[in-house]
Amino acid sequence: MRAPFDGVICSLEVRIGEWVTPGVPIIQLGNLAKLRVETTDLSEIDAARIHPQDNVLVTFDALPGLTVQGTVLRVGNKSAASSGVNYTTVILLDTIPDNLRWGMTAFVDIEVGQ
């Protein structure tokens with residue numbers, strides 16, 4: 001089996017000797033050197049004011065005292081399937097902290113113009 005990029009196996013859904021069904025994911029591969037933050041709770045009011053390349057400050061519950069700068073990559077064109085009207089926003093981090101792991105809780109502060 002070959003992956004389309006270098007990465008780390010984050011989850012393995014099968015064991016040796018198991019049969020698998022075509023089209024069913026068996027492995028989750030991640031490039032931990034290029035982690036991104038994905039929010040799912042950007043309100044419709046904020047989504048109308050946010051644009052790609054807006055500056056962002058990100059903090060992490062697991063890494064107290066650390067603030068990382070980043071930029072907005074994209075804001076979803078359709079509201080996310082959840083309660084309320086919220087949009088998924090993807091943030092690119094300027095630097096990846098050494099102890100940051102996939103799935104850690106982040107707080108995102110997006111700087112918007114007036």
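Number of residues in the stretch 10-28 that are among the β-branched types (V, I, T) and either modelled with pLDDT under 85 or surrounded by fewer than 10 Cβ atoms within 10 Å (Cβ to Cβ) (or both): the value is 3.
Only one of the listed residues (L12, L29) is in contact (Cβ under 8 Å) with a residue 24 or more places away in the chain and either under 17 Å from G103 (Cβ atoms) or under 14 Å from the mean Cα position of the chain (by Cα) (or both). That residue is L29.
If I ask for residues that are within 27 Å of L57 (Cβ to Cβ) and out of contact with any strand residue (DSSP E or B) (no Cβ under 6 Å at 6 or more places or on another chain), which ones from the stretch 9-42 would you list?
Here is the first cut: in the stretch 9-42, the ones within 27 Å of L57 (Cβ to Cβ) are 10, 30-42.
Across the stretch 9-42, the qualifying residues are N31, A33, K34, L35.
With respect to the numbered conditions (1) surrounded by 11 or more Cβ atoms within 10 Å (Cβ to Cβ); (2) under 17 Å from F107 (Cβ atoms), which one is the sole condition not fulfilled by N31? Only one criterion is unmet by N31, namely (2). Of everything in the stretch 37-95 that is under 11 Å from V108 (Cβ atoms) and open to solvent by 90 Å² or more (accessible area, probe 1.4 Å), the residue that is modelled with the lowest pLDDT is D41.
The values are calculated or read from the model by the stated rules, or taken from the named source; none is laboratory data. All values derive from a computational prediction rather than experimental measurement. Here the Cβ is made from the backbone with ideal geometry for all residues, glycine too, and neighbour counts use every protein chain on show. To get the accessible areas, we keep the full protein, side chains included, count just its heavy atoms, and leave off ligands, DNA and RNA. Shrake-Rupley method; radii C 1.70, N 1.55, O 1.52, S 1.80 Å.
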